[in-house]
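I have placed the structure first, in the form of structure tokens, so that the comments after it can refer back to it.
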Amino acid sequence: MIEPEKLNELKAGQKRRKLALTFGELERDILGVAEKGTAYNFKKLSRTEYIKAVTQVVLSDPKLSQSTAQELTTLLNSSSIDERRICNTARNALLEILGTFPAEWDLIIAPHAQEKISVEKRNFFPGVCVYAEDIRSPFNVGSIFRTAEAMGCEKVYISPNCTNPEQPKAIRSGMGCIETLGWTQCALDELPKDKPVFVLETGGTPLNEFKFPKEGIVIIGSEELGVSPEALNRADYGRVSIPMTGLKASLNVGVAFGILMQAWVNALFS
């Protein structure tokens, strides 16, 4: 950790970059995930005192927005100091000034439990499954697993051309759900024959009119092409669509899957 006084000796751009890195290291230390050699060890000040000192340096930045300055000041003057929120607010404000924005996998998130939980120990809806067909983005793959676990899917199937869920960025965005759920890679014709199969795609029955099965497999397609013609042919239970009124009428595949799963769960409880 750099001494707060020395920060003022740096040029503006260098100071902002150093501060952003410092706040990132502090966040990781607060969460207990600091890498070796980056844990807080500045002996002159306690961590709280150090955070206050470097935040004052940020507050002196002429490019800091008035709203962020007010937020940081309020956080600093609070009777109960929220170290992590101060660091996160300051770091993201500095990144914005620098024109650098973090990707999803760069966010500093509390670690999830590392213990692998078997499917048998989960609460889920038996027979409720999803087939991810040719999803290319590791972020979307992780998001799909996260939604599937949260909403009670029993199983996730992925196509041979889907991004590997063990890709680091997928694991990052999956927040432990990939390890918890597990997954099976298979072709369309290898899906279980004893469960109804339907697709989430445009041109189908509106979500609020669709009769969801008690058990089944929903196929969600790639970000660029949607579900394949082969998937449409495999969908013996039909096609469901999310009604939209916007000009673009387009949703991220992970978001669309979340909307569908909420409707499916509501139908299971009705």
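The values are calculated or read from the model by the stated rules, or taken from the named source; none is laboratory data. All values derive from a computational prediction rather than experimental measurement. Because the Cβ atoms are built from the backbone with ideal geometry, glycine has one as well, and the counts that use them run over all protein chains shown. Ligands, DNA and RNA are excluded from the accessible area calculation, which covers all protein heavy atoms including side chains. Shrake-Rupley method; radii C 1.70, N 1.55, O 1.52, S 1.80 Å.
Observations, loosely collected:
- Looking across the stretch 78-87 at every residue that is over 19 Å from residue 66 (Cβ atoms) and assigned to a helix (DSSP H, G or I), the one that is least open to solvent (accessible area, probe 1.4 Å) is identified as 87.
- Of the criteria (1) part of a loop (DSSP other than H, G, I, E, B); (2) at pLDDT below 90; (3) in contact with a helix residue (DSSP H, G or I) (Cβ under 9 Å, 6 or more places away or on another chain), which one residue 105 fails: (1)
- Residue in the stretch 44-53 that is small (Gly, Ala, Ser) and either open to solvent by 50 Å² or more (accessible area, probe 1.4 Å) or touching a Cys at 6+ places or on another chain (Cβ under 8 Å) (or both) present: yes
- Selection of first residues in the stretch 50-77 that are within 18 Å of residue 27 (Cα to Cα) and of second residues that are assigned to a loop (DSSP other than H, G, I, E, B) and not acidic (Asp, Glu), restricted to Cβ pairs under 7 Å at least 6 apart or on distinct chains, gives the following pairs, ordered by first then second residue: 50/1; 50/42; 53/45; 57/8; 58/64.
- Residue that is most open to solvent (accessible area, probe 1.4 Å) [pool: residues in the stretch 232-254 that are within 24 Å of residue 150 (Cβ to Cβ) and touching a residue at least 40 places away in the same chain (Cβ under 8 Å)]: 237
- Matching entry among 224, 166, 190 (being open to solvent by 50 Å² or more (accessible area, probe 1.4 Å) and at pLDDT 95 or above): 190
- All conditions but one from (1) farther than 19 Å from residue 82 by Cα; (2) part of a helix (DSSP H, G or I) apply to residue 38; the one that does not is (2).
- Summed over the stretch 1-30, residues that are open to solvent by 40 Å² or more (accessible area, probe 1.4 Å) and under 27 Å from the mean Cα position of the chain (by Cα) total 6.
- Residue that is surrounded by the most Cβ atoms within 10 Å (Cβ to Cβ) [pool: residues in the stretch 193-221 that are in contact (Cβ under 8 Å) with a residue 60 or more places away in the chain and part of a loop (DSSP other than H, G, I, E, B)]: 221
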